[in-house]
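Below is one structure, written out as structure tokens; comments come after it.
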Ligand SMILES: NC(=O)c1ccc[n+]([C@@H]2O[C@H](COP(=O)([O-])OP(=O)(O)OC[C@H]3O[C@@H](n4cnc5c(N)ncnc54)[C@H](OP(=O)(O)O)[C@@H]3O)[C@@H](O)[C@H]2O)c1
């Protein structure tokens, strides 16, 4: 088992990936901006390094002496905070390009990269565009890689549960963009972790991109019905045209940072978020965890303080 350098270890997905790496016997080194948060999560089971991902020199100072065998790159954001200089381009594209360049210099065996389902040259959202540019930089770099594009990821720490819980505590009403017909194929975070860790030493995944999904396609409406059902909460769901939601989000994001829903998130719904070919089976060598089991585990975990 080798040495893994991971980014985004303090996030929702990162925690599961790190725990699985440790379970499999990897030596885990995390580059973070928040040392305290990482230490709180993993104590001294993970070696931690402060990194400014916008600086190649900062990355070099860590990676040159460390010489990791593998890199797992998870950093990503759902909304921009222009007031703080946090943009999709900076976090998704620039950070990735810097990491790829330094990874090449230090000669890692593979970089496992987090993208997202819906990432495409034609995608209208800046989230997906900047994820695509990062994918292209990696593919063209000459480094060995595996790219993953998950649909919505389910786990107790999924932000949607907290947002829906907080919004409907005040007023038990939510707006459904486009009547909530937009479809996801939610994937369990334990499957995502399994794919990232499994890909490191599986040469059949070299230089490939995998979509990650669960076993069921569900509409946004059904996802919310299941979530509120498991929370034991009665909520009125009001269909709302997408254009109205988009322009409302445009106004709200000028007033609130971070916004509860961004206009870019509305553009992310440019096409259904479902897999054409599910990579969970190919990488984990088993069926994905069923949606019904996953949503129950995730919401119950959220309610019992898992997030
Ligand atoms: N959640 C989903 O449903 C989903 C679906 C598809 C793809 N993805 C992708 O999966 C990845 C992980 O998502 P997640 O749900 O785990 O997100 P998350 O909980 O918000 O975690 C994001 C991670 O990125 C780090 N990060 C963000 N901005 C940073 C910055 N400016 N400098 C350094 N670190 C920064 C965060 O560090 P701090 O802890 O210091 O904030 C955290 O470790 C992202 O790339 C996301 O786009 C997620």
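Worth a mention:
- In region 260-307, counting only helices (runs of 4 or more DSSP H) that sit wholly within it, the ones holding 2 or more residues that are at pLDDT 95 or above and touching a helix residue (DSSP H, G or I) at 6+ places or on another chain (Cβ under 8 Å) span 279-284, 291-303.
- Whenever a residue of region 1-30 is without any contact (Cβ under 8 Å) to a residue 24 or more places away in the chain and more than 16 Å from residue 113 (Cα to Cα), it has no partner that is away from the ligand (no atom under 16 Å from the Cβ) and part of a helix (DSSP H, G or I) lying with C-beta atoms less than 8 angstrom away and at least six residues away or across chains.
- Evaluation of residue 48 against (1) crowded, with 23+ Cβ neighbours inside 10 Å; (2) farther than 24 Å from residue 264 by Cβ; (3) more than 9 Å from the ligand (Cβ to nearest atom) (one fails), failing number: (1)
- Every residue from region 68-80 that is within 16 Å of residue 265 (Cα to Cα) and either within 9 Å of the ligand (Cβ to nearest atom) or crowded, with 21+ Cβ neighbours inside 10 Å (or both): 76, 77, 78, 80
- Those residues of region 173-203 which are part of a strand (DSSP E or B) and buried (at least 20 other Cβ atoms within 10 Å of the Cβ), in sequence order: 177, 184, 187, 188
The values are calculated or read from the model by the stated rules, or taken from the named source; none is laboratory data. Everything numeric in this text was worked out from a predicted model, so none of it was measured. When we count neighbours, we look across all protein chains shown, and the Cβ atoms used for this are built from the backbone with ideal geometry, even at glycine.
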